[in-house]
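Accompanying notes for the structure given below.
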Amino acid sequence: MSMEALPCLEGQVVAVPFPTRGHVNPMMHLCKFLVQKTTNVIITFVVTEEWLGYIESYPKPNNIRYATIPNVIPLENQILDDIFRFSEAIVTNMRGAFEQFLDQLELPVTAIIADVELVWPTAVAKQRNMPVALLWTMSAAFFCTYLQLDVVLPGRRSAADLLDEEAEHIKGITSSQLIDIQKLLHELDPRVLNIGLDCIPEIAKADYLLINTIQELEAEQINYLKAKSPFRVYPIGPAIPFLELETPNGDSSTKWLDCQPNLSVLYISLGSFCSMSHAQMEELASALKTSGISFLWACRSDAEWLKEKCGDKGLVVPWCDQLKVLCHASIVGFWSHCGWNSILEAFFAGVPVLGFPLFLDQFSNCRHIDEVWKNGRKVGGEKSADFVTKEEIFKVIKMVMDLENREGKKMRDRAKEIKALSRRAIAKGGSSSFNLNLHAFIQDIFGQQVELGPLQKP
Ligand SMILES: O=c1ccn([C@@H]2O[C@H](COP(=O)(O)OP(=O)(O)O[C@H]3O[C@H](CO)[C@@H](O)[C@H](O)[C@H]3O)[C@@H](O)[C@H]2O)c(=O)[nH]1
């Protein structure tokens, strides 16, 4: 679309992500898509001072600008020490800091886009008569499950055995939702779960729900939500950095991959937050060593320790440009914790997933991969604490690495189909509602017609 065709819209959108990587990234990608569709609109992206340090060097358009609130929540490297303290600080301290920030803004605010899990944005926006769009950064399936928590835990009785006693009699809960809910209750601190539950009544008061998913992959859940919800539902995914794929980054991982044969490298990453036990890492490292396959392992805090354990067939890095890595011709499989951004990136790259879920929605995502989308399979047992032996790991990585293996081939074929579907979703006139939804959303919040067109590379 030429710049002349862009609508000239006055106003400011304030975007406020939940302060962890798996949420900041998709919110930023969404904002980049939105400013591509308009001129004059300014998006103010609000993060803590600490988070600004992590993201300010990344390229972004000029009409997205950063604003900070003080570090009123625990620092990133303290989150896992006490998740409840972090969650509590988000619903209390961060709200106050955000309201003070809004008070001193000069430009009028056209709309607020905020992460569902912050809990308070709907109340803050409504007090100020501002429209609010909530962004859900996980799958639509998990959103539906999450909404059911309010049904399953009447009066906030969060005892896990409530489920065992009563679940079969709870109307409207599917057996797979029940499995996911049981996982949540077993894995999550009930105090954190209670904070999560506070989001549910707030969602109902929002004006829009933006879900980082693809219509065709989750049509049933999205159509259900559209039919049932008092607000507009827009699937806007995949909000991943595909517009920046061709921007050179000088990343050592990409250079190393350039020297590897096509379809020869297993990529391993557990996202920005979760980690395996050292014993489990040693087991995986040992299986990699025995198999002799090449691998790229992105392992944030343990990279140095891990280098010693893995042998010399692979590269261990603390961090990499993940979508670029996944789209590299040398990558044949992805050992993933099944965080939703990673899964959307695997879809886009057409890479089969070996799922090793650890937390929250990851079990549900992994089950969908294994049973519904069939672009990969689950590794190991049912609980995050389950230990997977090197023999079992060896078998599963051999399966995905051996290009002649029937099971591996099926997954690869299916991953290729999903890749095509994912790319159609973002192409001009694509059958997914990606462009249509972004346009419709902009029209909704600014009340003006917007010409349709594809997203452009920057
Ligand atoms: O070396 C790396 C490792 C990760 N990433 C990026 O970091 C993000 C990781 O996101 P995700 O895969 O979703 O994992 P988490 O960081 O664990 O995400 C949290 O947030 C997600 C979205 O709400 C949930 O689905 C997860 O369960 C939750 O743990 C993705 O954009 C990756 O591309 C990199 O760029 N380089």
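The values are calculated or read from the model by the stated rules, or taken from the named source; none is laboratory data. All values derive from a computational prediction rather than experimental measurement. Every residue, glycine as well, gets a Cβ built from its backbone with ideal geometry; the counts of neighbours run over all protein chains shown. Heavy atoms of the whole protein, side chains included, go into the accessibility calculation; ligands, DNA and RNA do not. Shrake-Rupley method; radii C 1.70, N 1.55, O 1.52, S 1.80 Å.
Tell me which of these THR290 doesn't satisfy, since it passes every other one: (1) open to solvent by less than 30 Å² (accessible area, probe 1.4 Å); (2) under 29 Å from LYS410 (Cβ atoms). The single condition THR290 does not satisfy is (1). In segment 223-263, of all residues being touching a helix residue (DSSP H, G or I) at 6+ places or on another chain (Cβ under 8 Å) and aromatic (Phe, Trp, Tyr), the one that is surrounded by the most Cβ atoms within 10 Å (Cβ to Cβ) corresponds to TYR234. Note on segment 321-373: enclosed helices (runs of 4 or more DSSP H) holding 1 or more residues that are open to solvent by 10 Å² or more (accessible area, probe 1.4 Å) and away from the ligand (no atom under 13 Å from the Cβ) are 362-367.
In segment 287-305, which residue that is assigned to a helix (DSSP H, G or I) and within 22 Å of LYS395 (Cβ to Cβ) is farthest from the ligand (Cβ to nearest atom)? Filtering first and then ranking leaves THR290. When ILE64 is tested against the conditions (1) within 17 Å of ILE442 (Cβ to Cβ); (2) more than 16 Å from the ligand (Cβ to nearest atom); (3) crowded, with 20+ Cβ neighbours inside 10 Å; (4) modelled with pLDDT of 90 or more, the lone failure is (3). Among the residues of segment 266-284, none qualifies, meaning not one is open to solvent by 20 Å² or more (accessible area, probe 1.4 Å), within 16 Å of the ligand (Cβ to nearest atom) and touching a strand residue (DSSP E or B) at 6+ places or on another chain (Cβ under 7 Å). For LYS309, the requirement of being at pLDDT 95 or above and of a type in the set (D, E, K, R) is not met.
Taking the criterion of being surrounded by fewer than 16 Cβ atoms within 10 Å (Cβ to Cβ) and not polar (S, T, N, Q), the residues of segment 92-120 that qualify are GLY96, GLU99, ASP103, LEU105, GLU106, LEU107, PRO108.
Filtering segment 293-307 to residues that are open to solvent by 10 Å² or more (accessible area, probe 1.4 Å) and of a type in the set (A, V, I, L, M, F, W, C) leaves ILE293, ALA298, CYS299, TRP305.
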